[in-house]
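Beneath this line is the structure, given in structure tokens, with notes to follow.
Here, each number is a calculation from the coordinates, and none is a lab measurement. Please read these numbers as outputs of a predicted model, since none were measured by experiment. Don't worry about glycine lacking a Cβ; one is built from the backbone with ideal geometry, like all the others, and counts go over all protein chains shown.
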Amino acid sequence: MRTRAGAASLVIPLVPILASVLACVPATAGGGSYTQLADLQVARQETGAAMLRGRIYVVGGLAANGSALRSVERYDPDTNAWEFVADLPAARDHMGVAAAADRLYVIGGYAGNFQAQSTVYRYDPDANGWTTVAPLPQARGACWAVAVNDKIYVFGGVGSTPGARRSTFIYDPVNDLWSSGAQMPTAREHLTAAAVGTDIYVIGGRPGDAALVANEKYNTLDNTWETRAPMPTPRSAMATGAVGGRIYVIGGEVPELRDVNEAYDPQTNTWSTQTPIPVARHGFAAVSLGCGLVLAGGGVVQGLAPTVRVDLFEPRILGDLDGDGAVGLGDLAILLANFGACEPEPCNPEDGDLDGDGSVGLGDLATLLAHFGDVCA
Ligand SMILES: [Ca+2]
Ligand SMILES: [Ca+2]
């Protein structure tokens with residue numbers, strides 16, 4: 001780890017060299033980019049997805065006719081192709097999906113009837129088959145599941161009676177055992193969550209008709225909750241995932257369909273605006289893949305309108321000003337060219353204003369140098 005003082009002294013001799021580099025710095029677009037991937041074979045929304053053994057599984061969901069799906073599709077990033085694997089034992093939508101201890105789990109959800117279920121199905125990729133394991137302590141639909149250190153955490157959702165819940169259920173796959181964790185501060189369903197390290201950030205959702213900006217951190221080590229900076233745009237049924245220590249919250253609905261993409265940085269407890277998703281949607285899932293997030297399916301209008309569309313969102317790495325996927329000399333050149341001033345003013349993140357205070361200064365330089373050489377970090 002370089003110090004600020006050491007970094008600054010290292011940079012000063014480079015300035016004349018970098019000045020000549022500036023002429024060929026490429027134009028940059030802010031906030032990350034999207035690439036469309038191969039379509040799903042079945043249009044689905046209110047689905048769930050997770051990564052297992054380097055493949056992405058997209059599970060169940062609602063079909064265009066409003067019925068729940070049993071089919072499960074698996075994506076191979078090397079071939080950009082989807083294939084069907086064994087069907088779920090029963091059709092499910094609005095469920096939690098997570099992978100832990102080398103197995104995929106499909107938790108609760110609805111069965112096409114908006115009745116919350118307590119079933120938990122486990123997928124074994126060697127056998128290409130599903131088994132039923134210990135049920136949730138209570139039925140849940142429109143909940144969200146996240147795995148950390150081979151345990152699965154299931155937050156909120158709707159139960160067998162009306163009303164959003166504050167529950168945290170914890171699954172131990174090795175012992176096939178459920179337990180309850182500390183309750184969320186805010187009851188909600190159609191919520192999303194993602195983990196950074198051993199902390200899970202539970203974001204958005206709705207307790208009824210109005211979407212929330214709630215951002216609450218669950219510490220899996222000490223079973224405590226902490227309220228964090230609220231999301232700028234209230235939303236529910238978003239796709240949420242983490243890349244490089246930041247959480248990206250994409251799309252969603254209520255009171256309107258959203259294309260917004262907002263990133264949360266747990267280290268600074270701040271939000272930033274990212275490039276909107278090309279096709280606004282809700283009820284879809286984000287799965288981390290390398291330096292990006294795979295965004296599969298979803299409803300393209302509020303209510304029922306599932307799509308086969310799949311996008312890869314590749315966020316800009318902190319300090320990667322020129323967007324080439326790494327933090328290097330070209331980025332340092334941009335920052336130094338804007339040091340102390342930008343044209344036009346004020347400076348933006350792509351100019352090197354990494355802390356968002358409107359100018360490019362020593363703090364930004366220190367941040368860039370601290371991330372020098374990073375890929376996806
Ligand atoms: Ca770069
Ligand atoms: Ca700054």
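Structure above, values below:
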item: For region 110-159 and region 59-86, distance of Cα centres in Å; result: 17
item: Relative exposure of 339, 313, judged by other C-beta atoms within 10 Å (fewest first); result: 339, 313
item: ³J(HN,Hα) computed for each position of region 68-81 - Karplus, 6.51 cos²θ - 1.76 cosθ + 1.60, integer Hz, glycine/proline x; result: 7, 9, 9, 6, 10, 10, 10, 9, 9, x, 6, 10, 6, 9
item: Among 288, 167, 67, residue whose mean-square fluctuation peaks in a GNM of the chain (springs only between Cα atoms under 10 Å); result: 67
item: Three-way shape label, region 33-314, alpha-carbon gyration tensor, a/c 1.5; result: rounded
item: Selected from 259, 222, 355 as most flexible by GNM, with the chain as the system and alpha-carbon contacts under 10 Å; result: 222
item: Radius of gyration and Dmax over the Cα atoms of region 308-377, both given in Å; result: 12.8, 47
item: Computed over region 33-314: relative contact order in percent, which uses C-alpha pairs under 8 Å that are six or more apart; result: 16
item: 5 angstrom amide H check on residue 56, placed H, neighbours 5+ away; result: 75
item: Derived scalar couplings ³J(HN,Hα) [region 216-225; Karplus, 6.51 cos²θ - 1.76 cosθ + 1.60; whole Hz; x for Gly, Pro]; result: 10, 9, 9, 8, 6, 7, 10, 6, 10, 10
item: Computed FRET value (nearest 0.05) for residue 279 with residue 375, which takes r as the C-beta separation and R₀ as 25 Å; result: 0.35
item: For region 88-100, 3J(HN,Hα) per residue [Karplus equation, 6.51 cos²θ - 1.76 cosθ + 1.60, θ = phi - 60°, Hz, x = Gly/Pro]; result: 4, x, 8, 5, 9, 9, 6, 9, x, 10, 7, 10, 7
